[in-house]
Amino acid sequence: MNKLNKLIIACDGESASGKSTAAKLISKKYKLLLVNSGLLYRYASKLLINNNPKNQVTYLRKKFDNVSYKNIAKQSLHTEKISDHVAVLAKNKKIRKIVNKFQKKIIKNNKRICIEGRDIASKILAKSPKYDIAFYFKCNINVASFRRWLEIRKKVPLKQVKKSLLRRTLMDKKRKNSPLVRVKDAILIRTDQLTKKEVLLKMSKYIENLN
């Protein structure tokens with residue numbers, strides 16, 4: 001098993017592509033701190049939906065200055081209302097700056113870390129520090145929407161979930177600020193073609209080769 005004192009992994013991918021599950025598995029195996037970038041934006045959306053502040057940027061800046069990632073990760077943030085809201089929120093350059101600053105602070109204090117999101121390899125870990133290895137996750141939309149549908153306990157129609165995922169991914173790829181892209185050296189992981197065990201084995205193989 002990889003014994004590197006420093007191991008920084010970037011995991012990017014489309015909505016419901018399986019990147020969160022993969023990031024959890026690899027982080028557990030290599031004892032890495034796991035940071036889900038998407039949860040930070042979902043947390044921001046939840047705050048804005050529930051509190052409707054007059055100045056969103058000032059409000060979120062204060063909130064992120066006084067919260068721990070551990071606290072954010074404990075919250076229920078995967079609702080369709082938040083999913084639809086966060087797709088628009090994530091395009092806001094000022095809000096992205098707040099979230100990026102929060103992430104950078106965590107990264108600065110951890111040399112063994114796995115971060116998953118949509119602009120990790122291309123933006124957050126592009127340099128200082130740069131990722132040691134990057135993965136990019138894709139999944140067939142029908143498989144992805146079915147997984148998300150089960151995840152939210154079938155609370156909304158499957159067709160609506162599919163429509164929401166397609167919309168989110170399109171917005172992520174088309175947005176002006178930090179769009180979702182696969183960097184040149186990112187290793188492609190097709191989660192619709194692999195089991196969880198196979199995903200973990202494939203990722204582990206590339207990590208072990210870092211030595």
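What follows is calculated from the coordinates using simple rules that are stated; it is not laboratory data. Since the model is a prediction, treat every value here as computed from it, not as a measurement. As a convention, Cβ positions derive from the backbone with ideal geometry for all residues, glycine included, and neighbour counts pool all protein chains shown.
Using Cβ contacts closer than 10 Å as the measure, can you line up Cys11, Cys139 from fewest to most? Intermediate values should be presented prior to the final figure.
Details: Cys11 31, Cys139 23.
Fewest-to-most ranking of Cys11, Cys139: Cys139, Cys11.
What does the charge count around Lys162 come to, taking other residues whose C-beta lies under 15 Å from its C-beta (Lys +1, Arg +1, Asp -1, Glu -1)? Intermediate values should be presented prior to the final figure.
Details: positive: Arg147, Arg148, Lys154, Lys155, Lys159, Lys163, Arg167, Arg168; negative: Glu14, Glu80, Asp84, Glu151, Asp192.
Local charge sum for Lys162: +3.
State whether the stretch 31-144 is rounded, prolate or oblate according to the following rule on the C-alpha gyration tensor (a ≥ b ≥ c being the square roots of its eigenvalues): a/c under 1.5 gives rounded; otherwise a/b larger than b/c gives prolate, and the remaining case gives oblate. Numbers along the way, then the final one.
Details: a/c = 1.73, a/b = 1.23, b/c = 1.41.
Oblate shape, in that a/c is at least 1.5 and b/c is the bigger or equal ratio.
For a 23 Å ceiling on Cα separation, which of these pairs sit above it: Lys173/Lys202; Lys46/Lys74; Lys94/Lys123; Lys104/Lys202; Lys6/Lys62? The partial results should precede the final answer.
Details: Lys173/Lys202 26 Å; Lys46/Lys74 13 Å; Lys94/Lys123 15 Å; Lys104/Lys202 28 Å; Lys6/Lys62 31 Å.
Pairs exceeding 23 Å: Lys173/Lys202; Lys104/Lys202; Lys6/Lys62.
Sort Lys138, Lys123, Lys105 so that the residue with the fewest other Cβ atoms within 10 Å of its own Cβ comes first and the one with the most comes last.
Working: Lys138 18, Lys123 21, Lys105 13.
So the residues, fewest neighbours to most, are Lys105, Lys138, Lys123.
5 Å is the cut-off here: which amide hydrogens, built 1.01 Å from N in the peptide plane, fall below it relative to Ile189, excluding neighbours closer than 5 in sequence?
Tyr136, Phe137, Lys138
Would you mind classifying the stretch 134-206 by shape? Square roots of the alpha carbon gyration tensor eigenvalues, ordered a ≥ b ≥ c; an a/c under 1.5 is rounded, otherwise it is prolate if a/b is larger than b/c and oblate if not. Present the calculation step by step, with values, prior to reporting the outcome.
Working: a/c = 3.08, a/b = 1.22, b/c = 2.52.
Because a/c hits 1.5 or more and a/b fails to exceed b/c, the stretch 134-206 counts as oblate.
Under the classification rounded if a/c is under 1.5, otherwise prolate if a/b is larger than b/c and oblate if not, where does the chain fall, given a ≥ b ≥ c as square roots of the Cα gyration tensor eigenvalues? Please list the in-between numbers first.
On the way: a/c = 1.74, a/b = 1.18, b/c = 1.48.
It comes out oblate by the Cα gyration axes.
Where the centre of each part is set by its Cα atoms, how far does the stretch 169-197 sit from the stretch 1-52, in angstrom?
14
Calculated from DSSP H runs of 4 or more alone, at -39500 (n - 2.57) each and per residue, what is the 222 nm mean residue ellipticity of the chain, nearest 500? Before the final figure, lay out the partial values.
Details: 9 runs with 109 residues, N = 211.
Helix-only estimate at 222 nm: -16000 deg cm²/dmol.
Only Cα pairs within less than 10 Å get springs; with that Gaussian network setup on the chain, which residue of Leu32, Leu201, Leu89 has the largest fluctuation?
So, out of Leu32, Leu201, Leu89, the one fluctuating most is Leu201.
Hey, rough spin-label estimate for Asp84 and Tyr206, points 7 angstrom out along Cα→Cβ, what's it come to in nanometres?
3.5
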